[in-house]
Amino acid sequence: EKFKEGLTKTRDSFASKMNDLVAKYRSVDEEFFEELEEVLISADVGVQTVMDLMEELEMEVKRRNIKDTALVTEVISEKLVEIYYGQDNEEIEKLNIQEDGLSVVLFVGVNGVGKTTTIGKLAHRLKEEGKTVMLAAGDTFRAGAIEQLEVWGERVGVEVIKHSEGSDPAAVMYDAVQAAKSRGVDVLLCDTAGRLQNKVNLMNELTKVKRVITREVPDAPHEVLLVLDATTGQNAMSQAKTFSQATDVTGIVLSKLDGTAKGGIVLAIRNELSIPVKYVGLGEKVTDLQPFDAHAFVYGLFS
Ligand code: GDP
């Protein structure tokens, strides 16, 4: 399906490297493990995650007395899923949306990562699920950001609350929350400015925006979603660190997973930052946003 299709690049690259490796080393030995480590690192699984995995893997291979390298790949999938979920939880991470009343979702991330596109795609998904949705054009800084959000609003048929370029984002949020409340909207999706300034400015800006929202809706924002571009690899990791220091990030949307052969970054983010990946972007169309399913992802890499 869509999920598999979007992962073609990662799967093709990973599966062919794994096949080569299994063909080269028929039986398990030290050199096999070393080369396996390199294959995993080249898929952007992340050094720490690879080290955790290798430790688990070598123990399991010894325990089950596995000699055949082809069988090791099965253990890799098991262990990768375990690392992702922490042993037993195999649920797809759901968006924290209220049954009743307004839910507010704040989007953060640097320019160009796919924030606007993701908001549009998520608005479409939520509408399909029967929710009423409204958008807040909180990126008043980047030229064209408001218009771009309006284009998405028209495309998916949802209202966009905006002020003019250069105005105070907190004022936009205030108006958007008021509008959403008075129209009985279920979910308000809020864009924010994506210039990566210094950490203190970023923190102040996000704190101010959040304060306005919380004042109007006490347990909001219900989600703070950080959008990261999968094609930027370790850069995405460092952005995740910066943003999670600046604010409480509740989930990640990894965009452009279709555009990279290094999809292993999903696992690195989960393992090294302990932030769940809630959605992945698999293309530019309105339907190209999918909930992230680690089980399907990991097993999809090998088939
Ligand atoms: P923003 O600056 O963060 O709001 O980024 P945009 O939403 O404008 O996206 C930047 C570019 O990435 C646009 O050309 C999008 O069409 C493209 N894009 C966003 N998400 C995806 C995705 O999941 N896959 C692909 N292939 N392209 C994407």
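The values are calculated or read from the model by the stated rules, or taken from the named source; none is laboratory data. Everything numeric in this text was worked out from a predicted model, so none of it was measured. Reconstructed Cβ throughout: ideal geometry from the backbone, glycine too, with neighbour counts over all protein chains shown. We work out accessible area using only protein heavy atoms, side chains counted, and drop any ligands, DNA or RNA first. Shrake-Rupley method; radii C 1.70, N 1.55, O 1.52, S 1.80 Å.
All of Val133, Val177 fail the test of being over 24 Å from the mean Cα position of the chain (by Cα) and not acidic (Asp, Glu), apart from Val177.
Output yes when any residue across region 166-181 is modelled with pLDDT of 95 or more, touching a helix residue (DSSP H, G or I) at 6+ places or on another chain (Cβ under 6 Å) and in a loop (DSSP other than H, G, I, E, B), and no when none is. Within region 166-181 (the criterion being modelled with pLDDT of 95 or more, touching a helix residue (DSSP H, G or I) at 6+ places or on another chain (Cβ under 6 Å) and in a loop (DSSP other than H, G, I, E, B)), the answer is no, since none of the residues qualifies.
Residue by residue, here is whether (1) of a type outside the set (Asp, Glu); (2) open to solvent by 20 Å² or more (accessible area, probe 1.4 Å); (3) in contact with a Leu (Cβ under 7 Å, 6 or more places away or on another chain) holds:
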site: Glu99; (1), (2), (3): no, yes, no
site: Gly109; (1), (2), (3): yes, no, yes
site: Ile146; (1), (2), (3): yes, no, no
site: Trp152; (1), (2), (3): yes, no, no
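Can you tell which of Thr132, Thr117 is touching a strand residue (DSSP E or B) at 6+ places or on another chain (Cβ under 8 Å), among the polar types (S, T, N, Q) and more than 22 Å from Thr231 (Cβ to Cβ)? Write out each step before concluding.
Numbers: Thr117 fails: more than 22 Å from Thr231 (Cβ to Cβ).
Exactly one of Thr132, Thr117 is touching a strand residue (DSSP E or B) at 6+ places or on another chain (Cβ under 8 Å), among the polar types (S, T, N, Q) and more than 22 Å from Thr231 (Cβ to Cβ), namely Thr132.
The helices (runs of 4 or more DSSP H) found entirely in region 224-303 that carry 3 or more residues being within 25 Å of Glu74 (Cα to Cα), away from the ligand (no atom under 14 Å from the Cβ) and not small (Gly, Ala, Ser) are 265-273, 294-301.
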